[in-house]
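K.L.:
Pasting in a structure now, in structure tokens, and then I'll have a few things to ask.
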Amino acid sequence: MPSRPPRAVTALRSAMLLVLLAIALVVPGVAVAQTPTPGTPGSLPTARPTDAPPQTRTPAPPANGDIVWAFGSEVPLVDGRVAGALGTAMEPFIQDGVAAGTRVVRVEPQGAAVVQVAPVYPAGDVSLLLRAAGYGNTPPFVGVGACRVWSASTQSAALVPRLDAALRKALGALNVAIEPCVTTTNPAEAHVLAWRHGIDPAPAFAFRQQATFLDAPAQLGAPAVPPTQPGGMGGGFPRPATTGTAGPETAGMSSAARVILVIFGVMMVVGGRRITRRK
């Protein structure tokens, strides 16, 4: 007849099983940031799967005399995902037929007077970017006012008709119809701005609290919340991401796994006690 295990061993086994039960019942799933991938709504594309080559490109920095342009800092254009989507949709119309030796580069404001070159995303990511920013309806926008374009000089003003046509074509592809843009001499009210890099004075970008050009139907009249960083992708934007990998993903023990572990632990404890008593 086998010897009966010492009480200390039995108590230790029971204690270990109780610890497992406590972990299963008490420890919640841990929220971890998930790295978004292009083609997945939730954020701007930053990396593609290893089996697909990168398609997002960042143009070379502009040289002095190159024409640069940017969206104004108001909702929804201040959200880098919206600006990236519209800028990408406009890119082929802007570059088509540009005179040899002329460079046109979109930039994004990073503060009141600092800009950086904006990336151009794959055409298939346009709708995903809009959906990630919370503008996934069809159409994603409605016009609430005239589009205003500002240019710093005669040379940059030559780009205005091209920007106007490109913007209307890009929005038209999204079933958003707008009237032709009008020009303005006030950069503070402009929705699209153009100037010569290193030659013309760059405009100051001041965030506007109310949408005056485009807005989502459900957001009409709603006050905007200033972003933490104009042109960025982080928190503080007026419309949070609503799909895909936009937010943290819960990782850890699922509810089903916890239930199974609890049942297994109870069976082990009860079975162990019965075996001990029989011995």
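K.L.:
Cut-off 11 Å, label point 7 angstrom out along Cα-to-Cβ of Ala206: give me the residues of segment 169-199 whose amide nitrogen falls inside.
P.N.:
Only 187-189 pass the distance filter.
K.L.:
Here is a follow-up. State, to one decimal in nm, how far the label point of Arg57 lies from the label point of Ala173, with both points 7 Å from Cα in the Cβ direction.
P.N.:
1.5
K.L.:
Run the simple label-point estimate for Gln116 and Phe93 please: 7 Å along Cα→C-beta, distance reported in nm.
P.N.:
Each label point is offset 7 Å from its Cα along the Cβ direction, giving 2.8 nm.
Read-outs: derived from the displayed coordinates by stated rules, not from any lab. In this text, all values refer to a predicted model and were calculated from it rather than measured experimentally. With ideal geometry, Cβ positions are generated from the backbone for all residues, glycine too; neighbour counts draw on all protein chains shown.
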